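Nothing in this text is a laboratory measurement; each read-out follows from the coordinates by a stated rule. As the structure is a computational prediction, the values presented were derived from the model and not from experiment. Don't worry about glycine lacking a Cβ; one is built from the backbone with ideal geometry, like all the others, and counts go over all protein chains shown.
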Amino acid sequence: MTTDRIWEGDVVVVGAGPAGAWAAACLARGGARVALVDRRPRGDAGAQWVNGLASWLLDEAGCVHPRPPELLGAGHRFTILSPLGNHRVDVDDHPLYEVDMRLLGLRLADEAEAAGAEMLWETVAEEVEIGSAGRPVALTATRTSGGIEERLRLRASVFVDASGLPAVLRRQVPRLAHACPPPAPSDLCVAAQEVREISDRGGARAFLGRHDAEPEQTLAWTGVEGGYSVLNVRVDADFNRMSILTGSTALPRYRSGRRILDDFARQHDWVGPRIFGGSRALPLRRPYSRLVAPGIALLGDAACQVYPTHGSGIGIGLAAARMLADAILGALRRREDPGARPAMWGYSSAFHRKWGALMCSADAFRRFSQTLRPADVDRMMGHGILSPQMVADGLAQRPASVHLDGLWTQLRGMSKAGDLAARLIPVLARLPLIERVAATYPKRDSGHIQVDIYRYERRMRWLVDSVGSRR
Ligand SMILES: Cc1cc2nc3c(=O)[nH]c(=O)nc-3n(C[C@H](O)[C@H](O)[C@H](O)COP(=O)(O)OP(=O)(O)OC[C@H]3O[C@@H](n4cnc5c(N)ncnc54)[C@H](O)[C@@H]3O)c2cc1C
């Protein structure tokens with residue numbers, strides 16, 4: 001292979017989705033020499049649809065909050081409807097932003113560029129060169145711009161895999177490939193989101209009327225295609241546009257998010273042509289216990305840093321990006337090798353010690369939800385087990401809070417729900433244990449980190465992965 005250009009610096013970030021772009025921005029601002037590589041052209045990387053984003057996670061990430069036109073809505077009523085249509089739960093008090101991810105993604109990439117990151121658009125990351133002791137030392141990539149192909153060799157102390165589900169670097173680094181297997185189909189959500197024109201305002205009004213809803217309110221049908229599935233519909237205030245979000249587990253017996261969305265549009269003739277949106281798979285399993293190896297760190301979907309209960313990866317990915325940047329910049333300031341074990345494990349440890357309990361508990365609940373049939377979801381809502389507070393906590397991606405008034409209704413509901421309660425209670429009983437195990441994630445690389453991580457992983461497998469294992 002002939003190389004047209006060599007780039008050398010501190011960090012190469014592969015993937016300019018929200019997590020990678022924000023990591024590159026934080027690193028460049030802190031004085032690191034960074035290259036940000038994405039196969040897509042500028043303005044087309046990462047999520048290209050509308051996402052719900054818990055506002056407090058932006059503070060965790062140190063990221064400026066969105067404003068219109070990037071911000072499409074905030075704090076509107078969110079209504080969960082049972083699949084058989086018998087029950088609903090309304091939530092008014094939640095911190096969800098509706099964000100146009102095309103604009104947020106561009107803003108983050110522009111921040112990286114303004115801070116001095118080398119932006120390599122339309123550049124496909126290809127082969128990782130592994131040096132002595134199994135550490136990545138270089139990456140080859142091909143850039144195609146205006147019909148001209150350029151071969152690049154990128155050398156750096158740290159390579160960040162923020163390439164999303166394809167995980168192009170993780171799969172090539174033996175230590176990570178072994179410890180971080182690709183998620184199984186039952187641990188993937190196939191989701192779709194589109195913003196569409198409204199072709200018949202009367203039809204849209206009648207639809208809202210039938211469901212006792214207002215414009216801007218989100219109507220979310222859960223369990224429409226297996227226990228872990230959703231169909232969200234939201235009509236804009238001016239009746240010009242509407243948005244649909246769908247998702248289901250990636251198993252052949254379920255319709256995919258794409259199919260659910262297309263079917264809904266076909267069945268409702270007030271839904272007009274697509275304006276923008278997209279569809280793809282995203283990981284639902286708890287984040288990998290091992291996020292790093294010497295010279296490489298995993299970030300975002302490539303690390304499975306997605307809140308499992310509803311497949312939300314933006315906020316957690318941004319918060320993780322900042323943690324990773326802090327660990328690398330700290331090492332650079334101390335004039336240490338940022339790809340060496342202390343900095344790399346510093347990131348993995350900071351992430352798991354802060355988010356491990358929340359993410360693993362949410363994964364246990366996600367696995368339980370995959371075992372639910374439509375009648376189970378209906379009963380959970382009918383008996384008040386799924387309370388407005390529980391839904392609000394879930395939307396906010398916070399641990400479930402205990403409220404005495406609601407708790408009594410939930411306990412009474414459980415006593416009526418019989419077999420359902422018998423399935424749910426063992427899952428709830430695991431949550432304090434998951435929290436305890438999460439607190440044992442090693443604080444630093446103390447020399448026997450492999451053994452410590454092996455023990456941690458084994459316990460989490462036992463507590464989390466076994467939930468609903470016969471689904
Ligand atoms: C339809 C849908 C709706 C969703 N809704 C929500 C929501 O409401 N809230 C929420 O928080 N999350 C939501 N998510 C999940 C969220 O979009 C992802 O978790 C998030 O985009 C992951 O960000 P990322 O930066 O890790 O990776 P990505 O956004 O996947 O970005 C990865 C980037 O890597 C690039 N890349 C891949 N391979 C290569 C290569 N070989 N060389 C160079 N570049 C490469 C890609 O071009 C891409 O730009 C949704 C997902 C989908 C599919």
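The table below gives the values:
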quantity: Extension reserve of the W462-A114 stretch, reckoned as 0.36 nm per residue once the Cα distance is removed; calculated: 120.7 nm
quantity: Sorted by Cβ density within 10 Å, fewest first, the residues T222, T440, T79, T371; calculated: T440, T371, T79, T222
quantity: Environment charge at A293 (Cβ cut-off 11 Å; Lys +1, Arg +1, Asp -1, Glu -1); calculated: +4
quantity: Dipole moment magnitude, nearest 20 debye, the chain about Cα centre, only Lys, Arg, Asp, Glu C-beta charged; calculated: 1560
quantity: Calculated FRET value between A439 and R205, using beta carbons and R₀ = 41 Å, to 0.05; calculated: 0.20
quantity: Förster-model FRET efficiency, 22 Å R0, E126 and D4, C-beta, rounded to 0.05; calculated: 0.95
quantity: Nonlocal amide H pairs with F276, under 5 Å, H built at 1.01 Å; calculated: V195
quantity: Antiparallel DSSP beta bridges within the chain, as percent of all bridges there, nearest 5; calculated: 70
quantity: Computed label-point distance, nm, for sites A340 and S469 using a 7 Å Cα→Cβ extension; calculated: 4.1
quantity: Förster-model FRET efficiency, 51 Å R0, H65 and E150, C-beta, rounded to 0.05; calculated: 0.85
quantity: Radius 14 Å from Cβ of G315, net charge of other residues (Lys, Arg +1; Asp, Glu -1); calculated: -1
quantity: Packing-based exposure ordering (other Cβ within 10 Å, fewest first) of Y288, Y441; calculated: Y441, Y288
quantity: Built amide H within the under 5 Å cut-off of L165, gap 5+; calculated: none
quantity: Environment charge at E197 (Cβ cut-off 9 Å; Lys +1, Arg +1, Asp -1, Glu -1); calculated: +3
quantity: Leading residue at positive end of dipole, the chain (Cβ point charges), from I198, P83, Y456; calculated: Y456
